[in-house]
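Inspection log for the structure reproduced underneath, given as structure tokens.
The values are calculated or read from the model by the stated rules, or taken from the named source; none is laboratory data. All values reported here derive from a predicted model rather than from experimental measurement. All Cβ positions, glycine included, derive from the backbone under ideal geometry; neighbour counts span all protein chains shown.
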Amino acid sequence: MSEGPTLSETTAFITGLSGPVLTVDEDHFLREAAPWGVILFQRNCVDPGQVRRLAADIRSALGWQAPILIDQEGGRVQRLKPPHWRAYPPSRVYGTLYARDHAEGLEACQLGTRLIAADLRALGLDVDCLPLVDVPVEGAHDIIGDRAYGTDPDTISTLAGAAIDALLEGGVLPVIKHVPGHGRARSDSHLELPVVDAAWDELAAADFLPFGRFRRCPLAMTAHVVFTAVDAERPATTSDEVIGRVIRGTIGYDGCLMSDDLSMKALSGNLADRAEASIAAGCDLALHCNGKLAEMDAVAGAVPVLAGDALARADRALAARREPEPIDVAEARQRFADLVQPVWTPPGG
């Protein structure tokens, strides 16, 4: 199995799958459509042996060590759940600990994220859609809520940086999200299109600020949010103004940029339209998550072969993959439990 794609083999999207095994139709789809990567959800994860087999089957169909992604944040968003996998706290727990004691909060964030990386690598997964760098504000929808490390850019930047380092040390690529910021959204982009009316200066001083500190992170994910100060009509995912002026410009992000899930209701048009619009706006990769084969076909037919700057950025992201650094998992779990015990108890614990 080769280490990476060639220009003629890989197309500019990441796909989901329907269930815990690769179906015959999905195997054929992966071989023919050649997505850059695959993302897994709870429906795809039954037990460790099954996930390892699925990861191996995915890479066999694609013919190379393709990235396999998952959302394993902790708290409300963790696709790998007990009893087969350990529960982790929401990111806000680390912010709470950090406010009490900077050193212990930082250590807890590093350890918790490093343990997540160890869980993923044991399954053959090597990309985690973490950390959130969103800055939530009072009155915003709870879709971000305690998934954010805090409510101020400095705390969020410090802890998100620790999480990025911990994932990379564990052999897992991080994905910063949701650039250029989802913290002001007053609705859930899974269900409708949020519109943020804050002025440019306000956005630049808070929402955009922490993302600028991670401009060299290998991967980033867009926000399905309209920022009227930049583009009053289109959400960031499909706005060349937001991607060009804000994400690539003001923030200075030069890594591989993927859309958030194209099947979310914040976006309009059919799946092909959404995929085309995201790529035209400047996303390097279109992300489609729900595992519905007809939609997968539509996205695959609408995106180009990776080429040019998009291919270079995707290749740079993959070049950041490395073997995990040694860790005593049992010792790390005990220290982690001691650190978080004052503010968080695992479900059932």
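Annotations
- Those helices (runs of 4 or more DSSP H) lying entirely in the range 89-184 with at least 3 residues farther than 21 Å from ARG215 by Cα: 91-100, 102-123
- Flag for ALA103 being exposed (fewer than 15 other Cβ atoms within 10 Å of the Cβ), over 24 Å from LEU318 (Cα atoms) and either modelled with pLDDT under 95 or in contact with a helix residue (DSSP H, G or I) (Cβ under 9 Å, 6 or more places away or on another chain) (or both): no
- Where PRO90 falls short, out of the listed (1) surrounded by fewer than 19 Cβ atoms within 10 Å (Cβ to Cβ); (2) under 19 Å from ILE116 (Cα atoms); (3) in contact with a strand residue (DSSP E or B) (Cβ under 6 Å, 6 or more places away or on another chain); (4) not basic (Lys, Arg): (1)
- Cβ-Cβ under 7 Å pairs, at least 6 apart or on other chains, the range 312-324 side among the hydrophobic types (A, V, I, L, M, F, W, C), far side part of a helix (DSSP H, G or I): ALA320/LEU168
- Residue match in the range 309-325 (condition: assigned to a helix (DSSP H, G or I), in contact with a helix residue (DSSP H, G or I) (Cβ under 9 Å, 6 or more places away or on another chain) and buried (at least 21 other Cβ atoms within 10 Å of the Cβ)): no
- For first residues located in the range 20-42 and farther than 12 Å from GLY63 by Cα and aromatic (Phe, Trp, Tyr), partners that are at pLDDT 95 or above and assigned to a loop (DSSP other than H, G, I, E, B) and lie 6+ apart or on another chain with Cβ distances below 8 Å form the pairs PHE41/GLY16; PHE41/ASP71; PHE41/ARG79; PHE41/CYS289; PHE41/GLY291.
- Annotation: of all residues in the range 185-222 being assigned to a loop (DSSP other than H, G, I, E, B) and at pLDDT 95 or above, the one that is nearest to LEU287 (Cα to Cα) is PRO218.
- Within the range 187-201, not a single residue is within 26 Å of LEU318 (Cα to Cα) and touching a residue at least 12 places away in the same chain (Cβ under 8 Å).
- Given (1) in contact with a Pro (Cβ under 9 Å, 6 or more places away or on another chain); (2) at positive phi, index of the condition GLY255 fails: (2)
- Residues that are buried (at least 19 other Cβ atoms within 10 Å of the Cβ), touching a Phe, Trp or Tyr at 6+ places or on another chain (Cβ under 7 Å) and without any contact (Cβ under 8 Å) to a residue 12 or more places away in the chain occur in the range 63-82; there is at least one.
Yes/no matrix, rows are residues, columns are (1) among the small types (Gly, Ala, Ser); (2) over 21 Å from GLY161 (Cβ atoms):
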site	(1), (2)
ARG31	no, yes
ASP47	no, yes
ARG59	no, yes
ALA66	yes, yes
LYS81	no, yes
TYR94	no, no
HIS102	no, no
GLN110	no, no
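- Residue match in the range 223-230 (condition: hydroxyl-bearing (Ser, Thr, Tyr), modelled with pLDDT of 95 or more and touching a Gly at 6+ places or on another chain (Cβ under 9 Å)): no
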